[in-house]
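These notes are about the structure you will find just below.
The values are calculated or read from the model by the stated rules, or taken from the named source; none is laboratory data. Please read all numbers here as calculations on a predicted model, not as lab measurements. Cβ placement follows ideal geometry from the backbone for every residue including glycine, while neighbour counts extend to all protein chains displayed.
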Amino acid sequence: MITASVGFQCPECAKAGAKKSRTINPQRMLSPTPYVTYALVGLNVLVFLIGSIADRSLNLGGQALPFEIRWGQFNAAIANGEWYRLITSGFLHFGPIHIAFNMYALWILGRALEGALGRGRYLLIYMVALLGGSLGGVIIDGNALGAGASGAIFGLFGVLAVLEMLRGQNPLKTQIGGVIMMNLVLTVFLHFSLGAHVGGLVIGGAAAGVLFGGRNLRDQSTSERQARGAAVAALGIVCFVAAIALAKASVTVG
């Protein structure tokens with residue numbers, strides 16, 4: 001499949017539409033440069049470097065706290081009002097190997113999907129999947145400290161799986177399905193955050209279904225696109241609110 005401005009095209013379709021594409025106003029076409037992916041990778045690396053330069057700790061009120069502990073996902077802290085951890089945890093990493101693997105995956109997936117979805121929709125799905133990963137972490141991982149961009153990255157895997165289903169393909173029989181299953185197995189055996197990975201995968205896939213299900217993107221009117229985008233944003237808000245509520249409930253029960 002070939003990445004196109006409105007989704008994915010087969011090679012024959014791309015060749016057939018080559019002449020027509022020359023008559024389209026270039027300003028109305030999506031830029032092939034994945035600026036959002038560059039920014040996300042850069043932000044993750046910057047945060048990692050800040051933590052490293054600060055010797056992986058911050059001095060807060062005379063008490064030294066490791067960088068990840070201060071900003072990572074932790075149910076007790078979220079229940080205590082530190083809701084921002086649901087977001088900041090998605091930009092933290094435990095060491096150079098952790099961030100290297102995640103940024104490589106983001107680089108590969110992001111460059112393909114940003115051009116296909118458009119910058120706005122791509123960023124929206126990324127952030128909603130990040131919140132979905134945080135929600136999954138709250139539900140499944142308990143009071144374990146969580147950090148990493150993998151929840152959002154699994155959300156991008158979910159987007160690819162849904163796009164294949166919308167094209168009439170079974171993701172379980174394609175390469176993307178194999179990659180997802182392999183990563184889930186590694187998640188279990190290597191004791192990664194299963195909640196974040198499953199949560200991001202499910203919410204990312206759901207967001208893609210809302211944006212593209214039933215009607216091709218190019219067949220949607222501007223108002224329909226806006227309504228679908230608002231629905232995806234609402235999904236992210238639901239994940240955020242639910243994560244806070246469940247974090248409080250888990251602390252109360254504990």
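Residue by residue, here is whether (1) buried (at least 17 other Cβ atoms within 10 Å of the Cβ); (2) assigned to a helix (DSSP H, G or I); (3) at pLDDT below 90 holds:
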{"residue": "Val47", "(1), (2), (3)": "yes, yes, no"}
{"residue": "Ser52", "(1), (2), (3)": "no, yes, yes"}
{"residue": "Asn59", "(1), (2), (3)": "no, no, yes"}
{"residue": "Gly81", "(1), (2), (3)": "no, no, no"}
{"residue": "Leu86", "(1), (2), (3)": "yes, yes, no"}
{"residue": "Gly90", "(1), (2), (3)": "yes, yes, no"}
{"residue": "Ala100", "(1), (2), (3)": "no, yes, no"}
{"residue": "Glu114", "(1), (2), (3)": "yes, yes, no"}
- Per the list (1) under 30 Å from Ala230 (Cβ atoms); (2) touching a Gly at 6+ places or on another chain (Cβ under 8 Å); (3) at pLDDT below 95; (4) surrounded by 17 or more Cβ atoms within 10 Å (Cβ to Cβ), residue check on Ile125 breaks on (3)
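If you check Glu68 against the conditions, is it surrounded by fewer than 24 Cβ atoms within 10 Å (Cβ to Cβ), over 20 Å from Gly204 (Cβ atoms) and not aromatic (Phe, Trp, Tyr)?
yes
Checking the condition within 21 Å of Ala206 (Cβ to Cβ) and either in contact with a strand residue (DSSP E or B) (Cβ under 7 Å, 6 or more places away or on another chain) or assigned by TED's automatic domain parsing to the domain that holds Ala234 (or both), which residue from Ile139, Ile99 passes? Spell out how you get there, then give the answer.
Details: Ile99 fails: within 21 Å of Ala206 (Cβ to Cβ).
Sole residue among the options that is within 21 Å of Ala206 (Cβ to Cβ) and either in contact with a strand residue (DSSP E or B) (Cβ under 7 Å, 6 or more places away or on another chain) or assigned by TED's automatic domain parsing to the domain that holds Ala234 (or both): Ile139.
Could you please let me know if Ala206 is surrounded by fewer than 17 Cβ atoms within 10 Å (Cβ to Cβ) and either modelled with pLDDT of 95 or more or more than 15 Å from the chain's Cα centre (by Cα) (or both)?
Working: surrounded by fewer than 17 Cβ atoms within 10 Å (Cβ to Cβ): no; either modelled with pLDDT of 95 or more or more than 15 Å from the chain's Cα centre (by Cα) (or both): yes.
Judged against the criteria, Ala206 is not a match.
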